[in-house]
1. Taking the conditions exactly as written (out of contact with any helix residue (DSSP H, G or I) (no Cβ under 7 Å at 6 or more places or on another chain) and either assigned by TED's automatic domain parsing to the domain that holds Arg96 or crowded, with 16+ Cβ neighbours inside 10 Å (or both)), does Glu113 satisfy them or not?
2. When you scan the range 113-132, do you find a residue that is without any contact (Cβ under 8 Å) to a residue 24 or more places away in the chain, charged (D, E, K, R) and in a loop (DSSP other than H, G, I, E, B), even just one?
3. Identify, from the list Ser25, Ser3, the residue that is surrounded by 15 or more Cβ atoms within 10 Å (Cβ to Cβ) and of a type in the set (Ser, Thr, Tyr).
4. Look at the range 151-185 and say how many of its residues are assigned to a helix (DSSP H, G or I), under 19 Å from Gly136 (Cα atoms) and either touching a His at 6+ places or on another chain (Cβ under 7 Å) or acidic (Asp, Glu) (or both).
5. Out of curiosity, is Met99 surrounded by 15 or more Cβ atoms within 10 Å (Cβ to Cβ) and either without any contact (Cβ under 8 Å) to a residue 40 or more places away in the chain or not in a strand (DSSP E or B) (or both)?
6. If you take the residues of the range 77-96 that are farther than 17 Å from Met171 by Cβ and not small (Gly, Ala, Ser), which of them is surrounded by the most Cβ atoms within 10 Å (Cβ to Cβ)?
7. Mind checking which residues of the range 186-205 are of a type in the set (A, V, I, L, M) and not in a helix (DSSP H, G or I)?
8. Among the listed residues Leu157, Leu184, Leu189, Leu165, identify the single one that is without any contact (Cβ under 8 Å) to a residue 60 or more places away in the chain and surrounded by 18 or more Cβ atoms within 10 Å (Cβ to Cβ).
Amino acid sequence: MISAADLPDTLPVFPLPGALLLPRSRLPLHIFEPRYLAMIEDCMKTPQRLIGMIQPNPGPGDEDGRLHAIGCAGRLTQFSETEDGRYMVTLGGVSRFRMVREIEGFAPYRRCEVDWSHFARDLGQDEQDLGFDRAGFMSLLERYFDAQSLAADWDTLNDAEDELLINSLAMLLEFAPEDKQALLEAPSLPTRRETLVTLIEFALRGGTAEEIMQ
């Protein structure tokens, strides 16, 4: 397990719209762009093997590739290479971070100076959600899956611990990038669960992302 003392001041970052990584969760990635192939190769040479997942935050007419302020670092835990040179990797979520500034340099990928100080909880034990109405949530989730024509392993979902269930759904369900960012920035597991419920309820009512954010 990585401790706070092991967290570096700078990170390579992978800006990927709609991709969400959360602490103690796993994110599989298919890497094929040359700059990110180089990022993976450089990452494997470091002791922590950390990559920062962060979402682009474009504004009107934005061409400078702005990023959201908060992302989540993952440790490279699995790696395989295909015959045509692509990488299949898995990141294990370690901790969220706040971007301080982007670092200019000669690397083909982006790097940022980061601050971990607001996310000490991410390095601890699994979070609990003592107010979780699991039966009501599972009923809502079943209606959502039916409406979206999604299949699910309900035995696995029912057996999952609260944090694993909420975080896995937050990562896997198809929401708009700004909704994924709201799930990432939720300060606690209960807040993330409440945000997830709101997103599911709006989807069931045919609401839009703009309505949710108002």
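The values are calculated or read from the model by the stated rules, or taken from the named source; none is laboratory data. Source: prediction; values computed, not measured. All Cβ positions, glycine included, derive from the backbone under ideal geometry; neighbour counts span all protein chains shown.
1. yes
2. no
3. Only one candidate passes the filter, namely Ser25.
4. Going through the range 151-185 one residue at a time, the tally reaches 4.
5. Values: surrounded by 15 or more Cβ atoms within 10 Å (Cβ to Cβ): yes; either without any contact (Cβ under 8 Å) to a residue 40 or more places away in the chain or not in a strand (DSSP E or B) (or both): no.
For Met99, the condition - surrounded by 15 or more Cβ atoms within 10 Å (Cβ to Cβ) and either without any contact (Cβ under 8 Å) to a residue 40 or more places away in the chain or not in a strand (DSSP E or B) (or both) - is not met.
6. Ranking the candidates gives Tyr87 first.
7. Selection gives Ala186 alone.
8. Leu165
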